Amino acid sequence: PTTDDHAADRQSWRMPELTYPQDNPFSEAKYELGRMLFFDPRINREAVSCARCHHPGMNWANNQARTLINGKVLPRHTPSLINVAYNRSFFWDGRAKTLEECIAQHFGGMDMPDMADDTVTRVRLIQGYEPWFQKAFGARGINAQTIAQSLATFVRGIIVNDSPFDRWVAGDDEALSSSAKRGFALFTGKAGCVKCHTPPHFSDFSYHRTGTNSIDPGRYEITGREEDRNAFRTPQLRQIAETAPYMHTGQKATLADVIHFYESAGDVRSRGQELRAFKLDERETKDLIAFLKSLSGTPVRAEIPILPALRTH
């Protein structure tokens, strides 16, 4: 198919309006509080802030295959936070159903309540946070839930929706180059990317066995179903050209590397039936990369806040 063949689909490819959960509606006070917590290393026993792994200057990711924190290597690649507000599950294995739950699990959550309690204690010891929590949550005060809700409110604001692809969807036929348009035809056709990476988010938010030959059990660890062994959540592709390396292992350094990997359909023992080998020539590879680059919009910046004082009196 060509881009012209998709004229009727463009309406469904528009980015939907961001919505907030009924039990955690947006407020400016929560957003500002979440911004401070995001950049504050004092609230974590590892003395590492959220921004250490999800760096705003690196499109809310980092350039490491797997993040190193205080001498420990995380088991999976750190994904970008861009547009995670639209995710239907969180972590590569989907073990969290909401963003709030995802954040709570980073601080221990139900599995490690002592770590969650430690975070709450650390926040309470920083006296400058007390008026902020009062403003955002009133009598609810500082607890694991209000910490997670304020951080989630901030993270939901990390949105990119002004890419060349978005402008093309809105009716600007000149927004995509000829190369990117050919690449989109490959994306939705010969290369078969669209089977998992469906617009407008370029994810089906499902789980697939991608043939990475990884010993990581993936989704199987959560469900215990054999069909979920080595299956991982499909990541969104917004800002993908700026968030290398790739895959849940971080094993692919460039977009070209990822394309070449999928050309062979990956390792037969750890791939799903939906993966089919294909072959692109040099120009087609460049066209597909041009399209993937068209999914990048204006980088989301965040001013680093002045953190609350440890002692206020």
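The values are calculated or read from the model by the stated rules, or taken from the named source; none is laboratory data. As the structure is a prediction and not an experimental result, all values here were calculated from the model. Note that we place each Cβ from the backbone using ideal geometry, even for glycine, and neighbour counts take in every protein chain shown.
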Original post:
Inside region 219-255, can you point out the residues that are in contact (Cβ under 8 Å) with a residue 12 or more places away in the chain, touching a Phe, Trp or Tyr at 6+ places or on another chain (Cβ under 8 Å) and farther than 20 Å from Phe187 by Cα?
Top reply: Arg219, Asp228, Arg229, Asn230, Ala231, Phe232, His248
Subject >> Any chance Pro79 is in contact with a strand residue (DSSP E or B) (Cβ under 7 Å, 6 or more places away or on another chain) and not hydrophobic (A, V, I, L, M, F, W, C) >> reply: yes
**OP:** Kindly provide the set of residues from region 187-225 that are at pLDDT 90 or above and acidic (Asp, Glu), ordered by number.
**Re:** Asp204, Glu221
Original post:
Out of (1) of a type outside the set (Gly, Ala, Ser); (2) surrounded by 17 or more Cβ atoms within 10 Å (Cβ to Cβ); (3) in contact with a helix residue (DSSP H, G or I) (Cβ under 6 Å, 6 or more places away or on another chain); (4) more than 24 Å from Glu221 (Cβ to Cβ), what's the single condition that is false for Ile82?
Top reply: (3)
Original post:
When residues of region 74-98 are filtered for being at pLDDT 95 or above, hydroxyl-bearing (Ser, Thr, Tyr), in a loop (DSSP other than H, G, I, E, B) and within 21 Å of Ala241 (Cβ to Cβ), how many remain?
Top reply: 1
**OP:** Scan region 24-48 for residues that are assigned to a helix (DSSP H, G or I), touching a residue at least 40 places away in the same chain (Cβ under 8 Å) and over 12 Å from Arg122 (Cα atoms) and report the count.
**Re:** 10
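What about Leu125, is it of a type in the set (A, V, I, L, M), out of contact with any helix residue (DSSP H, G or I) (no Cβ under 8 Å at 6 or more places or on another chain) and assigned by TED's automatic domain parsing to the domain that holds Gln149?
yes
Yes/no matrix, rows are residues, columns are (1) assigned to a helix (DSSP H, G or I); (2) of a type in the set (A, V, I, L, M, F, W, C):
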{"residue": "Asn161", "(1), (2)": "no, no"}
{"residue": "Gly171", "(1), (2)": "no, no"}
{"residue": "Ala185", "(1), (2)": "yes, yes"}
{"residue": "Arg209", "(1), (2)": "no, no"}
{"residue": "Ile215", "(1), (2)": "no, yes"}
{"residue": "Glu221", "(1), (2)": "yes, no"}
Subject >> region 11-23 residues that are within 20 Å of Phe154 (Cβ to Cβ), paired with ones that are surrounded by 13 or more Cβ atoms within 10 Å (Cβ to Cβ) and among the basic types (Lys, Arg) (beta carbon under 8 Å, 6 or more apart) >> reply: Leu18/Arg156; Tyr20/Arg156
Original post:
Looking at (1) closer than 30 Å to Arg283 by Cβ; (2) surrounded by 19 or more Cβ atoms within 10 Å (Cβ to Cβ), which is the one condition that is false for Val155?
Top reply: (1)
